[in-house]
Amino acid sequence: MSDKQLIQVEFVSIFKLIVYHFVQSIMEKVIIQKILFNYFDGRATSMERKLIEDWMKKDPENENLFYQYLDEWESQNPQYLSEDTEAWENYKALLNAQPKPFEKPEEANHAVKYPSVRTLRKFWYVAATLAVLVTASMFFFQKSILYHTYHTHYAQTKQVKLSDGTLVVLNANTRLQVPRWGFYGKKRKVLLDGEGEFKVTHTKNNQRFVIQTNTDFEVEVFGTQFVFMHASRPGKWC
């Protein structure tokens, strides 16, 4: 084989290698995107979550890619936050209704009229109310992003399978909140308001399963089947 033929063969081999790595890179991104979307949707398996954890540690650039895919997923899956919307509408209404205590003073015999004590008190009351509303809005927004909420209405039941395999049957007028991206750490904590039947899966690392109410009452188990009921207020979940 001549030198020219050897060069051609070597060139073809290098070209094939480049194409192979290019295709492999594209396939890897597609697979990672699919796994991350499952992760954001709360449907990732334990193996997929371990794969994401190793992938994040592999290259610092992967962290930027993680948040890019998170932005893309959030744009495709907008979350309806009814409590945040109501708080925001109240906030805007207060902005439109609040008084203007420091309006341009009118000249009357060259005397400047300053706001009265009553007006100042009203102003500070409105300011304090706005601060409470903004803080509450931030709290509900953060909670809605971190937790996925399941509701049942009057005369309705619903079965929910959690990421660890635990099965929950929600009875009527019940709300269950679970971590959107799976359970981590020593505890698997969920928030319940209402009545639910739990069939808890025992994990290899002996994670405790914790049911917490809005009164900070908690029940901890490792793996068993039981019915738990807690109602903070009468009425229906809508």
Per-region count, the stretch 144-173, residues closer than 30 Å to Lys204 by Cβ and not hydrophobic (A, V, I, L, M, F, W, C): 11
Options Glu61, Glu107, Glu72: the member that is at pLDDT below 80, more than 19 Å from Ser163 (Cβ to Cβ) and either more than 16 Å from the chain's Cα centre (by Cα) or surrounded by 14 or more Cβ atoms within 10 Å (Cβ to Cβ) (or both): Glu107
Filter result for Phe66 (surrounded by 10 or more Cβ atoms within 10 Å (Cβ to Cβ), at pLDDT 85 or above and either under 16 Å from the mean Cα position of the chain (by Cα) or acidic (Asp, Glu) (or both)): yes
Scan of the stretch 204-218 for residues that are more than 12 Å from Arg188 (Cβ to Cβ) and either at pLDDT below 80 or aliphatic (A, V, I, L, M) (or both), ordered by number: Asn214, Thr215, Asp216
Qualifying positions in the stretch 165-179 - buried (at least 16 other Cβ atoms within 10 Å of the Cβ) and under 20 Å from Tyr39 (Cα atoms): Thr166, Leu176, Gln177, Val178, Pro179
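The values are calculated or read from the model by the stated rules, or taken from the named source; none is laboratory data. As the structure is a computational prediction, the values presented were derived from the model and not from experiment. Note that we place each Cβ from the backbone using ideal geometry, even for glycine, and neighbour counts take in every protein chain shown.
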